[in-house]
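The values are calculated or read from the model by the stated rules, or taken from the named source; none is laboratory data. Here the structure is a predicted model, which is why all the values come from computation and not from measurement. As a convention, Cβ positions derive from the backbone with ideal geometry for all residues, glycine included, and neighbour counts pool all protein chains shown. When the accessible area is computed, the model is the full protein with side chains, heavy atoms only, and any ligands, DNA or RNA have been set aside. Shrake-Rupley method; radii C 1.70, N 1.55, O 1.52, S 1.80 Å.
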Amino acid sequence: MRTFKSVYLLLLLVCISPIRANFILLPMDETTQKNHLKAYGITYWCLDKKYKASWLLNYRGGSFLLPDAPEIRKECQIRNVSFEILSDAEANQILDEISSPSQNMETVVLEKAPKIAVYTPKGKQPWDDAVTMVLNYAEIPFTPIYDEEVLSDQLILYDWLHLHHEDFTGQYGKFYGSNRNSPWYIEQKKDAEALATKLGYAKVSEEKLVVAKKIRDFVIGGGFMFAMCSATDSFDIALSAEGVDICEPMFDGDDSEPSYQSKIDYTTTFAFKDFILERRAERYEFSDIDMTDKRKEVPFEKDYFTLMEYSAKWDVIPSMLCQNHTQLIKGFMGQTTSFDRALIKSNVLVLGECELNGEARYIHGQKGKGFFTFYGGHDPEDYRHNVGDPPTVLDLHPNSPGFRLILNNVLFPAARKKKQKT
């Protein structure tokens, strides 16, 4: 009788116990996910804890599939990230749907948390840079580095590098016209000159060129580089002007070369070609790459850009970088707001464009064994960010599509490299 009761109790426990779940889904669609930005942080945290993860491209806005573990559930709850518990059968059903040739979806395995560096000068506030801000918000760890670290070959320690809104041409951000008498401008110029002297260079432009070349070599060797705003075009301009003095006297103490435009070498750049440099020191512009002054027909209320749609199974990389819960992203300004399509090299992919005027907002390419992404504008949730403006509060924008594009790039190096299908 006791044996019968024991068997009956065991069967009863089996019947009333829930089916064990094997996976956690972080949905990334528009209606389900409470905090898209922190969901990237959860995924990074799992990779850092040696869990494997999968990025489900084009499935519910680019969702993440994680193994089920109590600490992952707890972390999602702490960070207010929406998640769903899936049984093994339910997860396999989703993966089968994604693998169907009729679906523009793909599963990408994420294996290792990339080591992240942010190239940023000492003393910058977190809100001065959208990438630093969103990394902090998503709780993704990073290491700030600057010229001394780059020139001492410390880039080899990292997988992913972000370029703060830097001026690699040695013209101090072209703020001369509007801010040359401002204390902050005078101090930044003084600091830059002191650092160049300390590192053994006569001019800031010479020192910044060597830094740009070190970053170039990092990418060619297999690194991932992401840049926004003025770091995009000023980086390419610096590389193209090697050996050519393009700086006016107020920047480096001597005259620029009279015919420097004819000496620009477009073969050395990452993304841009045939651009014309802006000689006037008073203009807040480096060249005609930027569309800020050429986009008068794009009013604020219509300033959006559209993400391109790629084949997830064949064009995996651009598909990863374009994952979002919407294809229409609010525009935002910067020193370099967007890029003139006519000046982009043919081997560079345009990932996002404004349909009103055809400008490119978000571009990507390969250089050597590595990759780069250029994203126009300063802050995706601050339309016209000015010096001294208060910081963006990301708790008010936890589902920001514009910031999601930054975090797509952060996770990109974690993807397992797949064999080409051709």
- How would you rank 313-319, 68-74, highest first, on the average number of other Cβ atoms within 10 Å across their residues? 313-319, 68-74
- For the stretch 285-339, which GluC sites (Glu not before Pro) are in a loop by DSSP, counting at most 16 other Cβ atoms within 10 Å? Glu297, Glu309
- Query: Is there a pair in Lys198/Lys345; Lys74/Lys302; Lys203/Lys330; Lys74/Lys122; Lys115/Lys208; Lys50/Lys213 whose C-alpha atoms are over 30 Å apart, and which pairs would that be?
  - Reply: Lys198/Lys345; Lys74/Lys302; Lys203/Lys330; Lys74/Lys122; Lys50/Lys213
- Identify which of the listed values of volume of the Cα convex hull per residue in Å³ was calculated from the structure shown: (i) 135; (ii) 164; (iii) 196. (ii)
- Compare the Cα positions of Leu209, Ala227, Leu199 along the charge dipole of the stretch 195-235 (+1 at Cβ of Lys, Arg; -1 at Cβ of Asp, Glu; about the Cα centre) and return the one farthest towards the positive end. Leu199
- Task: Mind listing the long-range amide H neighbours of Phe226? Cut-off is under 5 Å, sequence gap 5 or more, other chains count too, H placed in the peptide plane at 1.01 Å from N.
- Result: Leu161, His162, Leu163, Thr373
- Measuring from centroid to centroid over Cα atoms, what is the spacing of the stretch 222-266 and the stretch 86-124 in Å? 37 Å
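Considering only protein heavy atoms, what per residue accessible area in square angstrom results for the chain with a 1.4 angstrom probe? List each step's numbers first, then the result.
On the way: 19190 Å² over 422 residues.
Value for the chain: 45 Å² per residue.
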- Item | Given charges at beta-carbon only (K, R positive; D, E negative), |dipole| of the stretch 39-176 in Debye | 240 debye
- To the nearest 20 debye, what is the magnitude of the charge dipole of the chain about its Cα centre, counting +1 on the Cβ of each Lys and Arg and -1 on the Cβ of each Asp and Glu? 1840 debye
- Message: Report for the stretch 275-422 the percent antiparallel among DSSP-assigned beta bridges with both residues inside it, nearest 5.
- Response: 100 percent
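Relative contact order for the chain using alpha-carbon pairs under 8 Å, separation at least 6, rounded to a whole percent?
Reported as a whole number, the value is 18 percent.
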- Dipole moment magnitude, nearest 20 debye, the stretch 121-224 about Cα centre, only Lys, Arg, Asp, Glu C-beta charged: 400 debye
- Which order do the peptides 92-102, 188-198, 157-167 take when ranked by the mean count of other beta-carbon atoms within 10 Å per residue, highest first? 157-167, 188-198, 92-102
- Item | Relative packing of peptides 141-151, 348-358, 404-414 - highest average C-beta neighbours within 10 Å first | 404-414, 348-358, 141-151
- Taking all protein chains as present, what is the carbon and sulfur share of the accessible area of the chain, in % to the nearest whole number, probe 1.4 Å? 54 percent
